[in-house]
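The values are calculated or read from the model by the stated rules, or taken from the named source; none is laboratory data. Keep in mind it's a predicted model, so treat the numbers as computed, not measured. For neighbour counting, all protein chains shown are included, and Cβ atoms are generated from backbone atoms with ideal geometry for every residue, glycine included. The protein model used for the area step is the full one, side chains on, heavy atoms only, and it has no ligands, DNA or RNA in it. Shrake-Rupley method; radii C 1.70, N 1.55, O 1.52, S 1.80 Å.
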Amino acid sequence: MSIDSDASSVNRREFLALASSAAAAGALSVGKPSGLVPSPLPPPTPYSVTIDITTSPISYSVGGHHAYRLKVNAGDSVTWKAKTNGSTHHLAILFLKETPLSDASNQPLYAVHGSEVEETGSGIGGTIDSDASGTYEYYVAVFDGVTKKTYTDDPKIIVGTGNLEAEAELALALDDLKTAGTKLSSKPKQRQQLESIERELEHLMNELNDVK
């Protein structure tokens, strides 16, 4: 898996610290109506994700912004295109478990693929389904016509706002913590601290699920 190169490590650390301390202190009040009227969703947005396999690790961008973890809303459209070492390539996008995409007939879309021809034509992608929410991992495979090599990766799409977006952020943070924990087998004290934060984040996720 490539590592998201977005310059958000400081924000991530601050987020984890605030989340764990808030959970420990019981600072989050769950299930109480705020009295605020929810803001209407913005109009559907088209996203064109460029997958650059000439970088190491593979990078993802939309309009100059990092898109390894692309945040979208229901009704938005997402298409992918590849930047390779030459003008010819083939791109495949595959959702193995669940998919947020639907086709023109509103049918679930688990796989899309094509060459540079389809990228500049109708596009390689689909529409975010109205029922989609949460985090979706997908698999990318790009065959470079110049190097004759296939490049693979597993980025994510995050769908939703409000509690759904918060839950997605918690899930990503929890995933990062578990990955870090596997590297601390020789440091039991630090690993125990990480496991404690993991439990608090899992508790927060359960509370968010309760108020959906």
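Below, the figures for the structure above:
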item	result
Of all residues in segment 90-112 being in contact with a strand residue (DSSP E or B) (Cβ under 7 Å, 6 or more places away or on another chain), within 17 Å of residue 127 (Cβ to Cβ) and among the small types (Gly, Ala, Ser), the one that is most open to solvent (accessible area, probe 1.4 Å)	111
Condition met for residue 97 (in a loop (DSSP other than H, G, I, E, B), basic (Lys, Arg), touching a residue at least 12 places away in the same chain (Cβ under 8 Å) and out of contact with any Leu (no Cβ under 9 Å at 6 or more places or on another chain))	yes
Residue that is least open to solvent (accessible area, probe 1.4 Å), among those in segment 165-212 that are modelled with pLDDT under 70 and over 22 Å from the mean Cα position of the chain (by Cα)	211
Which listed residue, of 122, 87, 115, is open to solvent by 90 Å² or more (accessible area, probe 1.4 Å), without any contact (Cβ under 8 Å) to a residue 60 or more places away in the chain and farther than 21 Å from residue 45 by Cβ	87
